[in-house]
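Enquirer: The structure's right below; bear with me while I get my questions together.
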Amino acid sequence: MLLEVDRLEAGYGLSQVLFGVSLKIAEGEAVTLMGRNGMGKTTTIRTIMGLLRTQAGSIRLHGKAIENQPPHRIAHLGLGLVPEGRHIFPNLSVRENLLMAAIPRDTGRRAWTLEAVLDFFPRLGARLTNAGTQLSGGEQQMLAIGRALMTNPDLLILDEATEGLAPVVREEIWTRLHELKTTGLSILVVDKELEALCALADRHYILEKGEIVWTGTTAELEAEPSIHETYLGL
């Protein structure tokens, strides 16, 4: 198993957000983490990435414990994050944003170099010398994904990767994620576009008030419309 999260508890100060969250992701698998706003999705991702300390539970990558390790160490071990809000470096150029994240790891899959990322996102190639503040929202999102790929991850984690983007850009991002899946890269994605998530992912987890309340395959999710209404509707 690539990633195993077992009975994870975490929160902010005295406010506990996660209550025994458990999930697994296998090699080459695409998995979603779904739920309404404020249910703990981003907190789960932040804790996995070492940005938030665990209060209890374990996180194992390739069978080795990684909970509470510093984020840069977790990135070197094989987790690549595309955070909510992108968080690119606004005063660095596209080239600098990409190169500063580079981690040469032998994953047995496609090696993500500067040239490979620019081939994957040609629009970035035309903007190499532009600062982050000079990019459109869609270009910033491509840069955030490209930056995560430059770490040559075993698991790519995307938190709201299509939020606030124009429909044509969202479609391009989903197309690129499908292409990444065909390379054997494992993917964990948080998003609100249920149809696109079901088209991409093998399995799904649903969070409600910091607890996993449902897990299953795409076929099982599509066969239970009551799940959508209970846990995913506005």
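Only the coordinates and a few stated rules stand behind these numbers; no lab work does. Since we're looking at a predicted model, the values are computed, not measured. So basically every Cβ, Gly included, is an ideal-geometry build from the backbone, and we count neighbours across all protein chains shown.
Enquirer: Determine by what factor the alpha-carbon radius of gyration of region 3-232 differs from 2.2 N^0.38 Å, reporting the quotient.
Expert: Here the answer is 0.98, to two decimals.
Enquirer: Further, regarding this structure: Please give the charge dipole size of the chain, origin at the Cα centre, charges +1 on K and R Cβ atoms and -1 on D and E Cβ atoms. Round to the nearest 20 debye.
Expert: Around 800 debye, computed over the chain.
Enquirer: Between Leu207, Leu128, Leu18, find the one with the highest GNM mean-square fluctuation for the chain; connect C-alpha pairs within less than 10 Å.
Expert: Greatest mean-square fluctuation among the candidates belongs to Leu128.
Enquirer: Sequence neighbours fewer than 8 away in the same chain don't count; with that in mind, list the lysines whose C-alpha is under 29 Å from Lys209.
Expert: Lys24, Lys41, Lys64, Lys192
Enquirer: Hey, another quick one. Using alpha-carbon positions, what is the distance between the centroids of region 165-221 and region 97-115, in Å?
Expert: 24 Å
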